[in-house]
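The values are calculated or read from the model by the stated rules, or taken from the named source; none is laboratory data. Since the model is a prediction, treat every value here as computed from it, not as a measurement. Neighbour counts are summed over all protein chains in view; Cβ atoms, including those assigned to glycine, are modelled from backbone coordinates with ideal geometry.
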Amino acid sequence: MKKKLLTIAVLMATSTSFAGGKHFHPKQIVKCSGECTQEQIKGAVPAAISYLNKQAKIDKVWAEAKIDNLEKKKFSKGPEWVVTLLDSKEQKRFVFMTLDGYVTGSNSTGE
């Protein structure tokens with residue numbers, strides 16, 4: 001019995017140690033009544049970039065980028081707003097937000 005309790009205690013202690021400080025949680029950037037409009041998402045882009053920067057998901061230089069495109073896209077997990085940013089060197093970065101205003105991530109592929 002003592003071995004079982006010790007094993008459970010060790011497993012519980014090690015399982016929480018894997019959730020380090022660098023994991024990402026979507027954050028609601030804009031609160032909308034129902035589904036967010038394109039204008040609401042567009043207005044929330046600076047806050048989304050700031051949040052992604054604080055989470056080390058996007059470099060702070062993207063705060064200077066311009067919005068090139070903003071559209072809804074269907075993904076396997078459901079539809080999301082995809083914001084295409086274009087920097088001064090014509091490089092693209094994509095920011096993803098749920099229809100209800102949560103920023104879910106960013107990448108350079110748009111997928």
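Report yes if K22 is modelled with pLDDT under 75 and out of contact with any Ser or Thr (no Cβ under 9 Å at 6 or more places or on another chain), otherwise no.
Values: modelled with pLDDT under 75: yes; out of contact with any Ser or Thr (no Cβ under 9 Å at 6 or more places or on another chain): yes.
Yes.
How do the pairs read when you match residues in region 44-73 that are within 13 Å of L85 (Cα to Cα) with residues anywhere that are charged (D, E, K, R) and assigned to a helix (DSSP H, G or I), using Cβ under 7 Å and keeping only pairs 6 or more apart or on different chains?
I67/K42; L70/K42
Specify the residue that is farthest from E111 (Cα to Cα); the eligible residues are those in region 28-43 that are in contact (Cβ under 8 Å) with a residue 60 or more places away in the chain and surrounded by 12 or more Cβ atoms within 10 Å (Cβ to Cβ).
In this case the residue turns out to be C32.
State the number of residues belonging to region 66-111 that are farther than 23 Å from A56 by Cβ and surrounded by 15 or more Cβ atoms within 10 Å (Cβ to Cβ).
Selection size over region 66-111: 2.
Take the conditions surrounded by 16 or more Cβ atoms within 10 Å (Cβ to Cβ), hydrophobic (A, V, I, L, M, F, W, C) and modelled with pLDDT of 95 or more and apply them to L52. Does it pass? Walk me through it before giving the result.
Working: surrounded by 16 or more Cβ atoms within 10 Å (Cβ to Cβ): yes; hydrophobic (A, V, I, L, M, F, W, C): yes; modelled with pLDDT of 95 or more: no.
In short, no.
Regarding P46, is this residue out of contact with any strand residue (DSSP E or B) (no Cβ under 8 Å at 6 or more places or on another chain) and either of a type outside the set (K, R) or modelled with pLDDT under 95 (or both)? Don't jump to the end; show me each part of the working.
Details: out of contact with any strand residue (DSSP E or B) (no Cβ under 8 Å at 6 or more places or on another chain): yes; either of a type outside the set (K, R) or modelled with pLDDT under 95 (or both): yes.
Taking the combined requirement at face value, the residue satisfies it.
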